[in-house]
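Where a number appears in this text, it was derived from the coordinates with a stated rule and is not lab data. These numbers were taken from a predicted model, which means no experiment stands behind them. Please note: Cβ atoms are built from the backbone with ideal geometry, for glycine as well, and neighbour counts cover all protein chains shown.
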Amino acid sequence: QQPVQSPQAVILREGEDAVINCSSSKALYSVHWYRQKHGEAPVFLMILLKGGEQKGHDKISASFNEKKQQSSLYLTASQLSYSGTYFCGTGGGTYKYIFGTGTRLKVLA
Amino acid sequence: DSGVTQTPKHLITATGQRVTLRCSPRSGDLSVYWYQQSLDQGLQFLIQYYNGEERAKGNILERFSAQQFPDLHSELNLSSLELGDSALYFCASSGTSYNEQFFGPGTRLTVL
C-alpha cells in the first residue's frame, strides 16, 4: 500500500519552516525523500535507515520512527528553490518500490 | 545531472502503435526501475531489473514489457497504445543496497 503523506499541500513565505510527514501501513526498513519540480525528474534528497542512520542533503533534515512506521522531512528557513512536490519512497531490492502520495510545497517571496 | 540518460525526450504516436523507450543507468549501477507518471499524478512503479534479471514487478500492463541488456541499458516496450498511456515515463537507477533512486529526465509520450 502507498504511504500517505501529509499535508497534501502547503504554502510558505521565504524563511518559514515546514514539516512533511510520511506514514506507512507496512513496516519501513528505509525511507527515501525526493523533490520533483514541475515537468522535471524527481531528485533524491535523503535516505533514512533503520537505526537512525541518515545520508543525504545538508540543508534538509529528516527523522524516521520505525515503531510508528513514519518519517518526517524538515525544511527550515525555506527558500524559493524549495518549491516542488515532495515524495517519500520505500522498497527496492526484491520488493516493489513505492512512492508516497506526495506533498506540494510552494514558497512565496 | 543524475547520470541517467533516457531517449527519446518526446514521443508522439497514434493509438494502436508500438514504441520503445530507452534508458542507460549511471555508470556502475546494476538496478534499473521504470515508472509511469500521468499528468499531475504520483509515480507508479512498473518494473525493476537487476543485472539483466527481472527483480520486482508493479502494476505493469500486459501490453508493456521491458528488458535489461548485458551492457545494463534497459528498454521499455509499449504496444497497442491507448490514449490513457499518455504520460511521462521515467527510468531510475540505483547502485547500492539502500535502493535510492537516481532518475533520468524522462520520456514524454503523447498518444493521439
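The range B:60-99 and the range A:71-105 have their alpha-carbon centroids 22 Å apart. Calculated from the alpha-carbon coordinates, the range A:1-84 shows an Rg and a Dmax of 12.9, 35 Å respectively. Straight-line reach from A:Lys50: which aspartates and glutamates fall under 16 Å, measuring Cα to Cα and dropping same-chain residues less than 8 apart? Excluding near neighbours in sequence, the set is A:Glu66, B:Glu100. Relative to its Kirkwood radius, the Cα radius of gyration of chain B gives an Rg/Rh of 0.95.
Out of the range B:1-106, which GluC sites (Glu not before Pro) are coil in DSSP terms and have no more than 16 other C-beta atoms within 10 Å? Passing both the DSSP loop test and the Cβ count: B:Glu62, B:Glu82.
Take the Cα radius of gyration of the range B:5-68 and divide it by 2.2 N^0.38 Å, N being the number of residues; the result is 1.19. The ellipsoid equivalent to the alpha-carbon distribution of the protein assembly as shown has semi-axes of 29, 20, 15 angstrom, derived from the gyration tensor eigenvalues as √(5λ) and listed largest first.
When the C-alpha to C-alpha distance is required to be over 21 Å, the pairs from A:Lys37/A:Lys68; A:Lys68/B:Lys57; A:Lys26/A:Lys68; A:Lys59/A:Lys96; A:Lys26/A:Lys96 that qualify are A:Lys37/A:Lys68; A:Lys68/B:Lys57; A:Lys59/A:Lys96. Counting only other chain Cβ atoms within 10 Å of each residue's Cβ, the peptide A:42-49 averages 4. Across A:Ala18, A:Ala41, A:Ala77, mean-square fluctuation computed from a Gaussian network of chain A (C-alpha pairs under 10 Å connected) peaks at A:Ala41.
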